[in-house]
Amino acid sequence: MIRLLILLCGVWLSCIEGMYGQEECPTVGAARIPALVSHLQGRRVGLAVNRTSVVGAQQVHLLDTLWSLGVHVTKIYAPEHGFRGTEEAGAVVADTRDAKTGIPVVSLYGNSRKPSAAQLHDVDVIVFDMQDVGTRFYTYISTMHYLMEACAAEGKKFVVADRPNPNDYVDGPVRRDGSRSFVGMHPIPVLHGLTVGELARMINGEGWLDAGGKTCDLTVVTITGWKHGDVYRLPVIPSPNLPNDLAVRLYPSLCFFEGTSVSVGRGTYFPFQALGYPDEKAGTFVFTPESLPGFDSNPLHRGKRCYGVDLRQTAFCGGLSLRFVIDFYERLGRDGKAFFTRPQWFDLLAGTDALRRQIVAGMTEDEIRASWQAELDGYKSMRKKYLLYDDNR
């Protein structure tokens, strides 16, 4: 019966793909049901999933799909924002149970970021299926790292159901030694230009796991109908404060502001699509951040009129730009203490303190870019070893 159900799922998903065409609608790893389930049959399965772990036109959750096929799912591991993806950024996620299936949900964004041996004892294989946005500081890839580390230490298999990268560029400063954190686990640039499956291969291949010299037993269920450089629009928002494609595109450039006194629109219905500060010198667009449960209950400058720019009116194709940060630093009078209110956090996001110091020194964007080019070229050479998809750019 399970083989028949898998076959029917494969036919249904192939029909969906045929309706839209492969180039417009790539088939993500989680939608390749026969290929995925072949690694799960007869095993106890843990799922590292969230709100983005859906497949098909009906956006059926991977847990529900595997459960209906009789796959023995014993555990769910939840990242930042929780299993259903409704928790605010930075909010502690609690252990719980899935209301539909009763399966235990282990939080990996609470008291611990890595599952313990006890939390893996009834699992043979973990499937990781989350939509990344291609930036070093987006924490789903940090959760993946710790899961791989735990699997390597405990002898568990790790399967990545791969998904395209919507910010598929290689750019920005490479994280330097001494700047490792949960928003910068790996010595990679801000925009790493990898899928999560390719990054998992890099983590394994470069020996970045702290698992007593062990590597992870890794399998990647690849995407079909997609290659590097293809545009990919997310079918489901990846987190509450990235509500649309524009916010996803702007996120790599605007996340630096989280270490400053400038609001990125948290506490509005257009987060990561506006910039503002409580002073008219910052611009003519006006907004007032408010408590918005599910988005941000205590945003920066809550209840204050902020003046700045509405980026919804700005054409931005993607990639990494420093012009936003440099521009607002100038608007606020080049006052480093007033602008960089959380300098250590800014440095962790940048992966180095050099960027902040360069901005304060008045360097142009071109000058700053030149300073990280050698390290970026070295990374690009390493990246080629781990690619699973053509990159002809």
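The values are calculated or read from the model by the stated rules, or taken from the named source; none is laboratory data. Values in this document were obtained by computation on a predicted structure and should not be read as measured data. When we count neighbours, we look across all protein chains shown, and the Cβ atoms used for this are built from the backbone with ideal geometry, even at glycine. For the accessible areas, the whole protein counts, side chains as well, though only heavy atoms, and no ligand, DNA or RNA atoms are used. Shrake-Rupley method; radii C 1.70, N 1.55, O 1.52, S 1.80 Å.
Would you please list the contacts, defined by Cβ atoms under 7 Å and residues six or more apart or on different chains, that run from a residue in region 373-388 that is more than 13 Å from TYR169 (Cα to Cα) to a residue that is open to solvent by less than 40 Å² (accessible area, probe 1.4 Å) and assigned to a helix (DSSP H, G or I)?
From residues that are more than 13 Å from TYR169 (Cα to Cα), the pairs are TYR386/GLU198; TYR386/MET202; LEU387/GLU198; LEU388/GLY197; LEU388/GLU198.
If I filter region 302-336 down to residues being in contact with a Pro (Cβ under 7 Å, 6 or more places away or on another chain) and open to solvent by 30 Å² or more (accessible area, probe 1.4 Å), which single residue comes out as farthest from GLU80 (Cα to Cα)?
ARG305
Show the residue pairs that are 6+ apart or on different chains and have beta-carbon atoms under 6 Å apart, the first residue being within region 290-302 and within 11 Å of THR268 (Cβ to Cβ), the second being acidic (Asp, Glu) and open to solvent by 30 Å² or more (accessible area, probe 1.4 Å).
Filtered contacts from region 290-302: ASP296/GLU88.
Looking at region 43-73, which of its residues are modelled with pLDDT under 95, in contact with a His (Cβ under 8 Å, 6 or more places away or on another chain) and open to solvent by 40 Å² or more (accessible area, probe 1.4 Å)?
Result: ARG51, single match.
Take region 92-112 and flag every residue that is out of contact with any His (no Cβ under 8 Å at 6 or more places or on another chain), at pLDDT below 85 and among the hydrophobic types (A, V, I, L, M, F, W, C).
Result: VAL92, ALA94, ALA99.
Could you check region 88-190 for strands (runs of 3 or more DSSP E) lying wholly inside it with 1 or more residues that are in contact (Cβ under 8 Å) with a residue 60 or more places away in the chain?
It comes to 125-129, 157-161, 170-174.
Hey, could you check region 269-286 for residues that are open to solvent by 10 Å² or more (accessible area, probe 1.4 Å), of a type outside the set (Gly, Ala, Ser) and not in a helix (DSSP H, G or I) and say which is nearest to ALA350 (Cα to Cα)?
TYR277
With respect to TYR232, is the statement that it is aromatic (Phe, Trp, Tyr) and more than 21 Å from GLY172 (Cβ to Cβ) true?
In short, no.
Taking the condition β-branched (Val, Ile, Thr) and over 27 Å from the mean Cα position of the chain (by Cα), does THR288 pass?
So THR288 fits the description; yes.
Check region 249-270 and report whether any residue there is under 20 Å from THR139 (Cβ atoms) and basic (Lys, Arg).
Checking region 249-270: at least one residue is under 20 Å from THR139 (Cβ atoms) and basic (Lys, Arg).
Go through region 303-334 residue by residue and tally those that are among the acidic types (Asp, Glu), more than 30 Å from LEU376 (Cα to Cα) and without any contact (Cβ under 8 Å) to a residue 24 or more places away in the chain.
Counting residues in region 303-334 that are among the acidic types (Asp, Glu), more than 30 Å from LEU376 (Cα to Cα) and without any contact (Cβ under 8 Å) to a residue 24 or more places away in the chain gives 0.
Can you tell me how many residues in region 74-91 are open to solvent by less than 10 Å² (accessible area, probe 1.4 Å) and either at pLDDT 80 or above or closer than 26 Å to GLY155 by Cβ (or both)?
Here the count works out to 4.
It is to be established whether one or more residues within region 293-301 are open to solvent by less than 50 Å² (accessible area, probe 1.4 Å) and in contact with a strand residue (DSSP E or B) (Cβ under 8 Å, 6 or more places away or on another chain).
yes
Under the condition of being of a type in the set (S, T, N, Q) and part of a loop (DSSP other than H, G, I, E, B), which residue from region 208-241 is nearest to the chain's Cα centre (by Cα)?
Result: SER239.
What number of residues within region 242-260 are in a loop (DSSP other than H, G, I, E, B) and open to solvent by less than 10 Å² (accessible area, probe 1.4 Å)?
Residues meeting the conditions: 2.
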